[in-house]
Amino acid sequence: MPSLATLLTPWLAALCYYDVRYRRLPNVLTLGGAGVALAWRLGRAGVPGLVDGALGGVFCALLLLLPFILKAAGGGDVKMLFAVGCATGQRYAVGVLLCVSLAGMALGIAMFLAGLVDRRRLLHALRCAFDWRYDRAAGKAALPPRSHEKSRVPFGVAIAVGTLAALLVTADA
């Protein structure tokens, strides 16, 4: 039987393509992937497998809940991480989250150093978080629009890379 990493790779590659090309993660792939993952877990391990997958999905999606509320992450990223958690279950959720976080940090730094991310948005976020004297309204007005290409990092790529790294590190996945 093929490994979980092998089964997830084409789906993750399709999501990466859409995220890099369009900066969008289609619902048919994210929510559809979650549905397929939960159905697969139900068929493979019954109701306990389904519950394990659903709990893994919720646990993973909670990582991006606060950034989503603060408009620092998109809804597609939350749904993709939910689908990944549904596929991997609770057992691998912590490892997946750790690897996704590291991959996201590496992607952000690489894009920042390559000039692919506008540094004004990063500086604004840091000043909002750490400088109580900072005029948030004026700082926000000076930012480029969110639809601007340099203001968005394709975090779906980090989710895919981190997921595969976590599954490949654990040989029994």
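The values are calculated or read from the model by the stated rules, or taken from the named source; none is laboratory data. Bear in mind the structure is a predicted one, so any value in this text is a computation, not a measurement. Methodologically, a virtual Cβ is constructed for each residue, glycine included, from the backbone with ideal geometry; neighbour enumeration extends over all protein chains shown.
Taking interchain pairs and intrachain pairs at least six residues apart, which have beta carbon atoms under 7 angstrom, with the first residue in the stretch 131-143 and assigned to a helix (DSSP H, G or I) and the second surrounded by 11 or more Cβ atoms within 10 Å (Cβ to Cβ)?
136/128; 139/124; 139/127; 140/124
Restricting to the stretch 77-109, and then to whatever is in contact (Cβ under 8 Å) with a residue 40 or more places away in the chain and β-branched (Val, Ile, Thr), can you tell me which residue is farthest from residue 37 (Cα to Cα)?
Checked the stretch 77-109; the qualifying residue farthest from residue 37 (Cα to Cα) is 100.
I'm told residue 153 meets every condition in (1) over 30 Å from residue 52 (Cβ atoms); (2) surrounded by fewer than 21 Cβ atoms within 10 Å (Cβ to Cβ) except one. Can you identify the failing condition by its number?
The failed condition is (2).
Look at the stretch 61-94 and say how many of its residues are more than 10 Å from the chain's Cα centre (by Cα) and not in a helix (DSSP H, G or I).
Of the residues in that region, 4 qualify.
As an exercise: evaluate residue 166 against (1) surrounded by 19 or more Cβ atoms within 10 Å (Cβ to Cβ); (2) modelled with pLDDT of 80 or more; (3) out of contact with any Gly (no Cβ under 6 Å at 6 or more places or on another chain) and give the number of the one condition it does not meet.
Failing condition for residue 166: (3).
Can you name the residue in the stretch 16-59 that is among the charged types (D, E, K, R), out of contact with any Phe, Trp or Tyr (no Cβ under 7 Å at 6 or more places or on another chain) and over 18 Å from residue 6 (Cα atoms) and is also modelled with the highest pLDDT among such residues? Before you say what the answer is, go through the steps one by one.
So the first thing to find is which residues in the stretch 16-59 are among the charged types (D, E, K, R), and the list is 19, 21, 23-24, 41, 44, 52.
This time we only want the ones that are out of contact with any Phe, Trp or Tyr (no Cβ under 7 Å at 6 or more places or on another chain), so: 19, 21, 23, 41, 44, 52.
With over 18 Å from residue 6 (Cα atoms) added as a condition, the list becomes 19, 21, 23, 52.
Numbers: 19: 93, 21: 91, 23: 87, 52: 96.
Ranking the qualifying residues of the stretch 16-59, first place goes to 52.
I'm told residue 128 meets every condition in (1) under 30 Å from residue 53 (Cβ atoms); (2) free of Cβ contacts under 8 Å to residues at least 12 places away in the same chain; (3) touching a helix residue (DSSP H, G or I) at 6+ places or on another chain (Cβ under 7 Å) except one. Can you identify the failing condition by its number?
Of everything listed in (1) under 30 Å from residue 53 (Cβ atoms); (2) free of Cβ contacts under 8 Å to residues at least 12 places away in the same chain; (3) touching a helix residue (DSSP H, G or I) at 6+ places or on another chain (Cβ under 7 Å), residue 128 misses just condition (1).
Tell me whether the stretch 132-144 contains one or more residues that are at pLDDT 85 or above, in contact with a Leu (Cβ under 8 Å, 6 or more places away or on another chain) and among the acidic types (Asp, Glu).
The answer is no; no qualifying residue exists.
For the stretch 113-126, give me the residue count where each residue is at pLDDT 85 or above and either on the phi > 0 side of the Ramachandran plot or part of a helix (DSSP H, G or I) (or both).
1
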